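The values are calculated or read from the model by the stated rules, or taken from the named source; none is laboratory data. Note that this is a predicted model, so its numbers are computed, not measured. When we count neighbours, we look across all protein chains shown, and the Cβ atoms used for this are built from the backbone with ideal geometry, even at glycine. Side chains included, ligands, DNA and RNA excluded: accessible areas come from the protein's heavy atoms. Shrake-Rupley method; radii C 1.70, N 1.55, O 1.52, S 1.80 Å.
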Amino acid sequence: MVNTTYQVQGMTCGHCVSAVSAEVGAIAGVRDVQVDLAAGRVTVSSDQPLDTAVVRAAVDEAGYDLVDA
Ligand SMILES: [Cu+2]
């Protein structure tokens, strides 16, 4: 299991958390998504390391922006 933390911009409420969790959670191999709304942090647990471009696309699909580390 791999845990990766991403910084996501634009989340403001529980609905945003649900949207991001649903989109990122739908990526193949993702087991769990934990969102820290106050910090704008999204921690993803997956079977294999994820392609950042795929995570970026999922976050974008939800309507938010992945911040470059
Ligand atoms: Cu919201």
Estimated inter-spin distance, L37 and A57, nm [label 7 Å along Cα→Cβ]: 2.9
Accessible solvent surface per residue of the stretch 1-66, calculated while the other protein chains remain in place, 1.4 angstrom probe, Å²: 56
Acute angle (nearest 10 degrees) that the helix 52-62 long axis makes with the longest principal axis of the chain, alpha-carbon atoms: 40
Accessible-area composition of the chain, carbon plus sulfur, in percent [1.4 Å probe]: 47
Gain on full stretching of the segment that runs from Q48 to D68 - 0.36 nm per residue minus C-alpha separation: 5.2 nm
Assigned charges on the beta-carbon of Lys, Arg, Asp, Glu; the chain dipole about Cα centre (debye): 140
Angle in degrees between helix 14-25 and the longest Cα principal axis of the chain, rounded to the nearest 10: 20
Radius, Kirkwood style, for the chain when every pair of distinct Cα atoms is counted (Å): 11.5
